[in-house]
Amino acid sequence: MKKILSAVAALGFVAGVATTAAALDLSVSGTYSVTGNYLSSGSGRGVDVTEQTGEDNKADSYWMHTFAMKPTMTVNDKIKMISEIRLADNAVWGSTGDLSADPVNGGDVYVHRLYMDYMSPVGKINIGRVSSGPWGTPFLDGDGRANGIKFWPSALASGPWSTYFYVGKNTESDDQDGTTNTVSSSDSDTYEGRVYYKDDALNGGIRYAMNNDNREAESNTKNVTMGLYGVYKWSNYFFATEIVHLDGDTESDAGVTTTERDADAALLEIGGKFDNLSVAAAYVYLSGDSNSADTDNEAFAALNGGTGSEFAPLYILTGRGMGCLNPDINTADTITGGEVATAGAHAVALFADYQASDRLALHAGLAWAQADEEVQGDGAGGYTIGYANRDSDYGIEYDLGAAYKLLDNLTYEAHFGYLDSGDFFNSTATANDAKSVYVLSHSLTMTF
């Protein structure tokens, strides 16, 4: 903690001297949010939808908070230093003592992003610990960051067209301190390129990313992500889609392919705005894996870590901390220990939002979901997940919510979600132990 305070003090001193000398323009924005959750049946890592014989699932309630500061130092009209510092990051009340610099083991104080933004003569460049999550629609987006360089070349931009390139270092395995026997090529690197098109009606893009992982001594992994998205607006209506394919393989030094990625995900959404009422219908697809014995892994949610931490249209199935398909607080799919992520999903949802006043907004949602592959065979007549004749139904979810602006920068929200759990969650072919659950949550969020 002393090291953290020293670093913060040093940064503050440097910023103070520089701003006094009118060399820098320092601005800070951020958020502070406090959230309380009540789960009618909880496992301590999200909702618990299976109540086996002799079990009496208990309720789970908890509080947590997040405080993020986003300082930006403008050096001149060409250079900015942009950062994000988390002083609490989904910190659960009562589970830790003082905040520490170890976010993995319950601490929260760390630098989430830190990079230089340079408007160079050849295009915009970001260098440092940059954001790695956003792409297209909120579907599959995460709150990620990575060490690398982003480049938007001005020579490859014309009218509504633009391009983007990224090179990143995920893992550096050089023997920096002389204590390990590794080789310089035992690293994990990512290379990515994108093309965008944006005008008044259409916002779209295509993406290709390749991760080259040489960390294993006797094999090499090349994982590829390909995607496209488009959001088209006309009059009061919109149509949005995002489609992503995961490809790639792990190959041994002897040339034998041991695993392959072959998974898909898609979002289709259509909606409109009518005065104070907004309505939308959406379809979500995540491919599942039906065979654990072959080399293909087709389970998109398991490979991708769920639907992305920033994609939470449903309070339970994609809710924060519910342990289903959103990896925001708990890892994705603690609801069944990995079976939902392996099974994939088809989901259809309807949403309605009504702006009752300048300060009050109301929300309603209705969704039905089922598995893409409700069982996974082991290639020998048995099952890795599920059982013979397992039902594919995840159930029907009902959501109600409200948000009220107490002040221009202070908002209170209350949510209620109910999942009428389907028979996919029965523990055996003869059991009837799928348990319906509900969630109550409320939060207070301040922005500055």
Among the residues of region 359-390, write down those that are modelled with pLDDT of 95 or more, farther than 16 Å from Thr342 by Cβ and part of a loop (DSSP other than H, G, I, E, B).
-> Arg359
For Glu397, are the conditions met, namely being surrounded by fewer than 19 Cβ atoms within 10 Å (Cβ to Cβ), among the acidic types (Asp, Glu) and modelled with pLDDT of 95 or more?
-> no
Does any residue of region 103-118 turn out to be farther than 15 Å from Glu192 by Cα, touching a residue at least 40 places away in the same chain (Cβ under 8 Å) and either assigned to a strand (DSSP E or B) or touching a His at 6+ places or on another chain (Cβ under 6 Å) (or both)?
-> yes
Starting from region 230-243, keep only residues that are closer than 16 Å to Tyr197 by Cα, then list their pairs with residues that are part of a loop (DSSP other than H, G, I, E, B) and of a type in the set (A, V, I, L, M, F, W, C) whose Cβ atoms are within a distance under 6 Å, requiring at least 6 positions of separation or different chains.
-> Lys233/Ala201; Glu242/Phe139
Test for Ala91: is it crowded, with 16+ Cβ neighbours inside 10 Å and at pLDDT below 95 = yes
Are any of the residues in region 143-156 among the polar types (S, T, N, Q) and at pLDDT below 95?
-> no
State which residue is farthest from Trp368 (Cα to Cα) when the search covers only region 253-286 and only residues that are without any contact (Cβ under 8 Å) to a residue 24 or more places away in the chain and of a type outside the set (A, V, I, L, M).
-> Gly255
If you go through region 400-433 one residue at a time, how many are surrounded by 15 or more Cβ atoms within 10 Å (Cβ to Cβ) and polar (S, T, N, Q)?
-> 4
Kindly establish whether Ser441 is outside any strand (DSSP E or B) and of a type in the set (Ser, Thr, Tyr).
-> no
Go through (1) modelled with pLDDT of 90 or more; (2) of a type outside the set (Ser, Thr, Tyr); (3) under 13 Å from the mean Cα position of the chain (by Cα); (4) farther than 16 Å from Tyr394 by Cα and name the single condition Gly306 misses.
-> (4)
Within region 50-79, the count of residues that are of a type in the set (Val, Ile, Thr) and in contact with a Ser or Thr (Cβ under 8 Å, 6 or more places away or on another chain) comes to 4
Only unsatisfied item for Leu140, checking (1) assigned to a loop (DSSP other than H, G, I, E, B); (2) out of contact with any strand residue (DSSP E or B) (no Cβ under 7 Å at 6 or more places or on another chain), is (2)
Residue tally, condition closer than 10 Å to Gly422 by Cβ and surrounded by fewer than 21 Cβ atoms within 10 Å (Cβ to Cβ), over region 366-382 | 2
Say we look at region 434-448 and pick out the residues that are surrounded by 15 or more Cβ atoms within 10 Å (Cβ to Cβ) and over 13 Å from Leu39 (Cα atoms); which of these is modelled with the lowest pLDDT?
-> Ala434
Note: among Arg194, Arg215, just one is outside any strand (DSSP E or B) and in contact (Cβ under 8 Å) with a residue 24 or more places away in the chain, namely Arg215
Subset of region 250-290 (residues that are farther than 19 Å from Leu325 by Cβ and either among the basic types (Lys, Arg) or modelled with pLDDT under 95 (or both)) = Thr250, Glu251, Ser252, Asp253, Ala254, Gly255, Val256, Thr257, Thr258, Thr259, Glu260, Lys273
Test Thr295 against the criterion of being in contact with a Cys (Cβ under 9 Å, 6 or more places away or on another chain) and not aliphatic (A, V, I, L, M), and give yes or no.
-> no
Quick check, is Thr66 among the β-branched types (Val, Ile, Thr), modelled with pLDDT under 95, more than 30 Å from Asp420 (Cα to Cα) and surrounded by fewer than 16 Cβ atoms within 10 Å (Cβ to Cβ)?
-> no
Report yes if Ala414 is out of contact with any Leu (no Cβ under 7 Å at 6 or more places or on another chain), closer than 27 Å to Asp275 by Cβ and aliphatic (A, V, I, L, M), otherwise no.
-> yes
Has region 29-49 got at least one residue that is in a strand (DSSP E or B), farther than 24 Å from Gly319 by Cα and at pLDDT 95 or above?
-> yes
Kindly indicate whether Tyr412 is more than 22 Å from Cys324 (Cβ to Cβ), part of a strand (DSSP E or B) and not charged (D, E, K, R).
-> yes
Residues being assigned to a loop (DSSP other than H, G, I, E, B) and more than 11 Å from the chain's Cα centre (by Cα) - total across region 320-346 = 12
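To keep it simple, each residue is scored yes or no on (1) surrounded by fewer than 18 Cβ atoms within 10 Å (Cβ to Cβ); (2) of a type in the set (A, V, I, L, M, F, W, C).
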site	(1), (2)
Glu218	yes, no
Leu228	yes, yes
Tyr232	yes, no
Gly248	no, no
Asp253	yes, no
Gly272	yes, no
Ala280	no, yes
Ser290	no, no
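The values are calculated or read from the model by the stated rules, or taken from the named source; none is laboratory data. Given the structure is predicted, the values throughout are model-derived calculations rather than measurements. Note that each Cβ is placed from the backbone with ideal geometry, even for glycine, and that neighbours are counted across all protein chains shown.
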